Amino acid sequence: MYQLHNMITNMRIRLKIFLPENQPVTPTITPIFAGANWMERETYDFFGVVFEGHPNLKRILNVEDMIMFPLRKEFPLETR
């Protein structure tokens with residue numbers, strides 16, 4: 001979900017999309033809104049959503065060799 005706010009005209013846009021669990025892929029909006037770059041990388045890093053056409057889609061906060069996406073419900077909370 002994107003929420004954009006134009007401070008000058010006080011216009012707001014909310015864009016919601018629904019993605020399948022098994023293959024969450026969507027086009028990037030970085031060519032239109034450059035500020036989405038970091039947010040899309042963070043969403044990829046934690047949820048595994050792939051943004052097609054993103055200029056630098058790689059992990060931003062987690063280690064690069066991490067194989068899971070920690071905020072998905074399939075990620076185990078503890079190992080016993």
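The values are calculated or read from the model by the stated rules, or taken from the named source; none is laboratory data. Because the structure is a prediction, the values reported are computed rather than measured. All Cβ positions, glycine included, derive from the backbone under ideal geometry; neighbour counts span all protein chains shown. In case anyone asks, the SASA skips ligands and DNA or RNA and just uses the protein heavy atoms, side chains included. Shrake-Rupley method; radii C 1.70, N 1.55, O 1.52, S 1.80 Å.
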Query - Single residue of segment 1-14 satisfying the filter (open to solvent by 100 Å² or more (accessible area, probe 1.4 Å) and in a strand (DSSP E or B)) that is farthest from VAL50 (Cα to Cα) - result: MET11
Requested in this report: Report yes if some residue within segment 29-37 is open to solvent by 50 Å² or more (accessible area, probe 1.4 Å), among the aromatic types (Phe, Trp, Tyr) and either in contact with a Lys or Arg (Cβ under 9 Å, 6 or more places away or on another chain) or without any contact (Cβ under 8 Å) to a residue 12 or more places away in the chain (or both); otherwise report no.
Outcome: no
**Report entry** Matching residues in segment 9-60 - criterion: being among the β-branched types (Val, Ile, Thr) and either within 22 Å of ARG72 (Cα to Cα) or at pLDDT 95 or above (or both)
**Finding:** THR9, ILE17, VAL25, THR26, THR28, THR43, VAL49, VAL50, ILE60
Report task. Within segment 15-28, count every residue that is assigned to a strand (DSSP E or B), open to solvent by 80 Å² or more (accessible area, probe 1.4 Å) and of a type in the set (S, T, N, Q). Result -> 0
Query - Candidate set from segment 38-52 (those that are among the hydrophobic types (A, V, I, L, M, F, W, C) and part of a helix (DSSP H, G or I)); member that is least open to solvent (accessible area, probe 1.4 Å) - result: PHE46
**Report entry** Meets criteria (closer than 28 Å to ASN6 by Cβ and outside any helix (DSSP H, G or I)) for LEU57
**Finding:** yes
